[in-house]
Amino acid sequence: HEGKGFPLWTPYFYSGQPYMAIPEYYLFDLNFLLIWLTNNIYVSMNIAVIFYFFLAGLGMYLLVDLILKNRHAAFIAALIYLFNDFMQSFILSGHLNMLESFAYMPFIFLFVHKAIHDEQYWVYAVLAATFASLMILAGGIIFFLYTFLLIGLYLAFSFIFSKEYGKDLLRYAIIGALLLVVTFAFAAIKLLPSIEFVNISSRAATVSFEEFLGEPISVTNVLGTFLLTKKLGFSVAIGVLGFLLLIVGMLSFRKKIILFSFLVIVLAILIGMGSFLAQWMYHLPGFKQMRHVERALVLFAFVAPIVCAQGFMTVSNFIKEKISLIRKEQIIAGTVI
């Protein structure tokens, strides 16, 4: 690019690529700002990685603290979100766009949750849409589709348990409309060129179902996928202690957020295995241009820390009741951490 203005094209790889139109390219994020200020891509990317890694943990902490009202549980959830194998072996070894979009997920869910339960629901719906648009600008279209699937399911789940269907139907309709309209408006500068580019690219005719499946997870490798971290292959493992907290947390299924998380985990596993649900999801808008259905396990990586946090609270209350010498939750939380 010569002259002033924002470059629309980069000639430096693949014989030239449109800069803004590639859905996976990150744009107008902290990394972009730092490159513009420092003119040093290595310093910029390192600072951006540290910032978005911290942001991911902060978002999960704020979300769990809002839902469960327990700071120790929230901190443990944040650690599991940051150090599970999905983050360590897939996101951090991949591209910055994956880390950025993974960091935005808790904030989107947090503000949607606030919109459902607060009178100023339109404000929180706009805030959720703002973070969703940042996800698109960050090149996180893969996680964006799964996040909107998650949000749609959460709105439907919350409506089922609603006490005033007539009033809440209008409320949820407005929330959904604001999410779609505001997200599109804020991200249009990248979304519109991306849609145009996809229509003339190799994905215009959609990928085949076999290509969409990619490498589904296997039932025979459950330990490697959900329990034990590994160097090779796809994994969302949360470790032995994390998995035990997950099992204990599931016992509190009477809580709506835990029941919802359980259903999302089952959904993520069935999709990741390439089951009939994967065939159904293949026909949803946007998914026919995607590959590797096992990435649906990002849903597991997102809700598992919430269930683990509930598991910690259950274990903590049990220990405080049974062991008279341990009355303070700080001691139990410190041990778990």
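The values are calculated or read from the model by the stated rules, or taken from the named source; none is laboratory data. Bear in mind the structure is a predicted one, so any value in this text is a computation, not a measurement. With ideal geometry, Cβ positions are generated from the backbone for all residues, glycine too; neighbour counts draw on all protein chains shown. For the accessible areas, the whole protein counts, side chains as well, though only heavy atoms, and no ligand, DNA or RNA atoms are used. Shrake-Rupley method; radii C 1.70, N 1.55, O 1.52, S 1.80 Å.
One table, with the values for the structure above:
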item: Arg71, Arg171, Arg295, Arg254, ranked by accessible area, largest first (probe 1.4 Å); result: Arg254, Arg71, Arg295, Arg171
item: Ellipsoid semi-axes in whole angstrom, largest first, where each is sqrt(5λ) of the Cα gyration tensor of the chain; result: 34, 23, 22
item: Chain lengthening between Ile200 and Leu37 when straightened (0.36 nm per residue, less Cα-Cα); result: 55.2 nm
item: Extension gain (nm, one decimal) between Ile331 and Gln279, 0.36 nm per residue minus Cα-Cα; result: 14.0 nm
item: Local electrostatic count, Ile67, Cβ distance below 13 Å [Lys/Arg +1, Asp/Glu -1]; result: +4
item: Nearest-ten-degree value, helix 41-68 long axis tilted from longest Cα axis of the chain; result: 40 degrees
item: For segment 251-337, convex hull volume per residue from C-alpha positions, Å³; result: 118 Å³
item: Extension reserve of the Val266-Phe318 stretch, reckoned as 0.36 nm per residue once the Cα distance is removed; result: 16.0 nm
item: Solvent-accessible area, 1.4 Å probe, carbon plus sulfur percent, for the chain; result: 68 percent
item: P(r) tail fraction, segment 198-317 - alpha-carbon pairs more than 20 Å apart, %; result: 48 percent
item: Acute angle (nearest 10 degrees) that the helix 256-272 long axis makes with the longest principal axis of the chain, alpha-carbon atoms; result: 50 degrees
item: Using alpha-carbon coordinates, inclination of helix 121-137 to the longest axis of the chain, degrees; result: 50 degrees
item: For the chain, accessible area per residue (1.4 Å probe, heavy atoms of protein chains only), Å²; result: 50 Å²
item: Inter-site label distance for Ile174 and His292 at 7 Å from Cα along Cβ, in nm; result: 4.1 nm
item: Two-site FRET efficiency, Ile189 against Leu259, from Cβ-Cβ distance with R₀ of 25 Å, rounded to 0.05; result: 0.05
item: Sites excluded, GluC sites (Glu not before Pro) in DSSP loops with at most 15 other C-beta within 10 Å, longest stretch of the chain; result: 165-337
